[in-house]
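Report on the following structure.
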Amino acid sequence: MPVPELPLRLAVVEPAAVLPTGAFEYSPKLDGWRCVVHVPGWVLQSRTGGDLTDRFPGILESAAALGRVVFDGELCAYRQGRLEFAALGYGPGRRRAEGIAVVFVAFDLLGARGRDLRLWPLSRRRERLAAVVGAGNAGVQLMISTLDVAQGREWISADQAAVGIEGAVAKPLASRYPLRGGRAGWVKVRHYDDIDAVVLGVTGSPARPTALVLGQTDRRGRVRAVGLSGPLSRTALASLAGRLRLTESGPQRASGILAGRLGSEDFTYWPVEPGVVVEARADRAFELGRYRHRVAVVRVHDLFE
């Protein structure tokens with residue numbers, strides 16, 4: 001088969017509570033932009049199919065030095081020894097001025113030397129990837145990996161999250177890359193912190209909320225919306241029953257950015273009186289005053305416990 005054609009649909013990495021054991025490869029989950037480097041097509045493609053080539057000059061040149069390759073991987077921005085997700089949104093001039101380096105960290109080889117490698121098992125693709133990337137260069141590096149689940153678990157910690165390693169990814173060694181994108185048996189486990197948040201609103205119906213608009217106190221002591229919860233568990237719903245009181249303002253519109261991802265559609269929610277505090281779990285992806293990912297609500301926080 002020839003090299004994969006553009007645009008490429010990517011393998012999905014599904015969330016999990018724990019790392020699986022057995023015949024798996026484990027690697028760190030870096031806080032960056034999932035991308036494809038497609039040297040034959042001379043495109044740096046985003047996860048959603050967008051063209052990022054002009055925004056990151058030099059990445060394709062660095063990859064081309066390794067051959068006519070097609071990589072899947074993570075585009076990462078580094079500043080003073082840690083990953084800085086927000087810096088990926090800066091222009092090239094600002095990144096240079098602030099000393100921010102951008103590197104593509106390759107974790108899969110989808111094509112090389114005019115061949116489509118996606119139907120090879122992961123173990124074979126990984127072996128070829130390591131041979132192609134080698135020690136890497138200024139723009140492309142090889143994702144570290146291990147077959148030891150204990151080492152994989154070490155990437156799921158507060159210390160690792162503090163430098164931009166969100167957790168760990170596990171992939172079956174026998175897995176083949178899905179030709180049309182989608183599931184490949186890959187899973188990710190993130191590090192989460194326990195947080196408290198004020199309920200500012202609900203989506204769905206007030207009687208049967210589907211998610212919560214959450215707020216926290218900023219540096220000036222004001223409660224501001226910081227994110228949207230994920231779907232509510234039965235335990236969370238039961239602990240909320242009878243506690244929420246609607247305000248008189250009626251339904252409101254909120255930016256889709258609050259839902260955790262750029263490009264998300266705006267949504268409608270019902271404001272409630274800010275008197276209910278919930279226990280929740282959130283990862284370290286907190287920037288521009290909001291959580292980038294949905295927050296998992298555990299239950300209503302009893303302030304008298």
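Some points to look at:
- Some residue of the stretch 114-122 being touching a residue at least 24 places away in the same chain (Cβ under 8 Å), more than 24 Å from residue 26 (Cα to Cα) and in the same structural domain as residue 176 (by TED's automatic domain parsing): yes
- No other residue among 272, 297, 278 is among the β-branched types (Val, Ile, Thr), modelled with pLDDT of 90 or more, more than 18 Å from the chain's Cα centre (by Cα) and under 30 Å from residue 33 (Cβ atoms) apart from 297.
- Some residue of the stretch 230-239 being more than 20 Å from the chain's Cα centre (by Cα) and under 17 Å from residue 252 (Cα atoms): no
- On inspection, residue 162 qualifies as aliphatic (A, V, I, L, M), surrounded by fewer than 20 Cβ atoms within 10 Å (Cβ to Cβ) and either in contact with a Gly (Cβ under 7 Å, 6 or more places away or on another chain) or within 26 Å of residue 287 (Cβ to Cβ) (or both).
- Selection status of residue 103, surrounded by 14 or more Cβ atoms within 10 Å (Cβ to Cβ), assigned by TED's automatic domain parsing to the domain that holds residue 132 and under 20 Å from residue 133 (Cα atoms): yes
- Which numbered condition residue 27 fails, given (1) within 28 Å of residue 94 (Cα to Cα); (2) assigned to a strand (DSSP E or B); (3) in contact with a Gly (Cβ under 9 Å, 6 or more places away or on another chain): (1)
The values are calculated or read from the model by the stated rules, or taken from the named source; none is laboratory data. What you see is a predicted model; the values in this text were computed from it and never measured. Reconstructed Cβ throughout: ideal geometry from the backbone, glycine too, with neighbour counts over all protein chains shown.
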